[in-house]
Amino acid sequence: MKICVIGLGYIGLPTASMFAKAGHDVVGVDKNERIISALNRGEIIIEEKGLSELVQSMTAAGRLRGSLMPETADVFIIAVPTPITAEKKAEMRYVESAAREITPFVRQGNTVILESTSPVGTVDQLLAPILAASGLAIGEELYLGHSPERVIPGQILQELIRNSRIAGGINAASAQKIADIYRCFVEGEIYISDSRTAELCKLAENTYRDINIAYANELAMICEQTGVNVWEAISLCNKHPRVNIHQPGPGVGGHCIAVDPWFIVEKQPERAQLIRQARRINDNMPHFMAQKIAALTQGKDKAKIAVLGVTYKPDVDDTRESPVLELIELLRGQGYRVAAADPHALGFERDSYAAAKDADLLLLGVHHRQYRELDLARLAQAMRQPLLLDTRNFFDRAAAEQAGFAYHLLGEK
Ligand code: SAJ
């Protein structure tokens with residue numbers, strides 16, 4: 001088949017590559033000329049394990065190429081961003097313009113698949129009316145539906161193959177078509193459903209995680225006043241065969257878990273009470289950390305805080321919605337001097353020891369695996385005051401104290 005993928009970000013480009021690898025003729029479409037010119041040189045501009053080799057070989061094989069404009073095809077996949085506005089509303093303009101751009105190119109028998117995470121009702125209320133301008137009967141002459149991905153950044157290529165998927169059609173015929181299309185590379189189960197169910201499932205999966213992280217964060221705050229180490233408590237709780245309490249942290253970042261729950265709240269604000277409250281708890285964690293830092297530095301005027309790790313989670317370069325960056329802004333706003341270092345994030349100091357120089361407190365923001373190699377004694381000696389605040393239960397307390405640190409932990413008095 002010929003497949004046209006609209007949106008070549010961290011989902012669109014790997015997905016386009018998997019279809020090419022399965023033997024299809026794939027044209028990737030994106031507004032960003034840098035992405036298109038790189039693609040047509042067989043190169044990528046995002047970081048994802050194994051992707052550059054796959055893109056290189058698929059473009060060399062002539063099965064994957066970039067274009068600024070859509071073309072006629074058998075299948076159109078929309079994988080453009082659906083970010084959130086400052087008012088916590090879903091920004092659907094990119095999905096809308098992608099649908100308008102492909103409408104002149106769709107033909108009888110084609111299938112249009114929305115992959116972007118979207119509020120419930122996007123396929124039947126936003127996409128179907130736009131595509132109907134083609135004159136084709138939606139669901140009969142033009143198949144349409146939603147098949148969200150479940151991949152985790154850093155393991156995308158394996159998870160695209162291994163994970164199960166939902167093929168949610170605007171009608172049964174569309175769902176079947178969508179399932180048949182993904183079977184060329186998906187080895188996981190493909191579950192047939194309708195588009196609204198598929199839209200809700202994607203949001204509910206990530207909301208499940210956000211609520212559970214909020215619960216862990218609330219337990220951490222409670223444990224700070226009850227003389228319990230929350231990490232030890234959670235670890236013991238999780239010995240229960242049916243308990244899986246998540247991990248506390250300085251907040252929830254990324255453009256998925258921190259965003260998707262709002263797509264549910266937006267549609268049913270009066271009913272999505274727990275979902276909204278979990279967002280509030282997670283969004284409040286940077287403020288809670290700032291209070292903890294103020295207590296630990298005890299009003300030392302112009303105290304310098306060193307922050308290790310600013311990305312939204314370990315071992316990625318992505319800083320979108322990073323709670324640590326928000327904490328840094330709060331600290332600077334309160335008059336602290338802050339030096340941040342990160343081994344992956346663009347534009348940040350790489351050297352942890354330079355950031356720690358003359359600092360009054362060292363905060364571990366993100367537990368990048370490189371930090372296992374840190375020389376804690378050298379860090380402590382570089383500081384003015386060897387105070388370590390670990391937000392991820394990452395360092396070994398005895399080793400930190402051995403190195404000269406006063407060791408403090410989120411979720412412990
Ligand atoms: N976090 C915690 N405590 C935890 C787990 C995570 O504080 O116990 C924080 C992380 O530090 C990070 C944030 O939550 O800031 C999100 O991390 P994540 O790894 O849970 O989320 P993503 O956004 O990298 O990937 C999620 C995954 N969804 C689920 O695990 C249900 C992935 O499968 C989705 O495909 C992805 O969102 C997406 O694209 O929607």
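Observations on the model:
- Looking across the range 286-339, not a single residue is exposed (fewer than 15 other Cβ atoms within 10 Å of the Cβ) and of a type in the set (Val, Ile, Thr).
- Hey, residue 222 more than 20 Å from the chain's Cα centre (by Cα) and either open to solvent by less than 60 Å² (accessible area, probe 1.4 Å) or away from the ligand (no atom under 12 Å from the Cβ) (or both) or not: yes
- Taking (1) open to solvent by 10 Å² or more (accessible area, probe 1.4 Å); (2) more than 16 Å from the ligand (Cβ to nearest atom); (3) touching a Lys or Arg at 6+ places or on another chain (Cβ under 8 Å); (4) farther than 17 Å from residue 178 by Cβ in turn, residue 143 satisfies each apart from (4).
- Subset tally (residues that are within 12 Å of the ligand (Cβ to nearest atom) and either closer than 22 Å to residue 274 by Cβ or within 19 Å of the chain's Cα centre (by Cα) (or both)) for the range 231-264: 21
- Taken together, 326, 270 contain a single residue that is farther than 17 Å from residue 394 by Cβ, within 16 Å of the ligand (Cβ to nearest atom) and out of contact with any strand residue (DSSP E or B) (no Cβ under 6 Å at 6 or more places or on another chain), which is 326.
- When the test is whether a residue is assigned by TED's automatic domain parsing to the domain that holds residue 252 and touching a Pro at 6+ places or on another chain (Cβ under 9 Å), residue 366 passes it.
- Residues that are crowded, with 23+ Cβ neighbours inside 10 Å, among the basic types (Lys, Arg) and outside any loop (DSSP other than H, G, I, E, B) do occur in the range 184-206.
- Candidate set from the range 235-277 (those that are in a loop (DSSP other than H, G, I, E, B) and β-branched (Val, Ile, Thr)); member that is farthest from residue 120 (Cα to Cα): 243
The values are calculated or read from the model by the stated rules, or taken from the named source; none is laboratory data. For clarity, every value in this text was computed on a predicted model and none was experimentally measured. Note that each Cβ is placed from the backbone with ideal geometry, even for glycine, and that neighbours are counted across all protein chains shown. Keep in mind that these areas ignore ligands, DNA and RNA; they rest on the heavy atoms of the full protein, side chains included. Shrake-Rupley method; radii C 1.70, N 1.55, O 1.52, S 1.80 Å.
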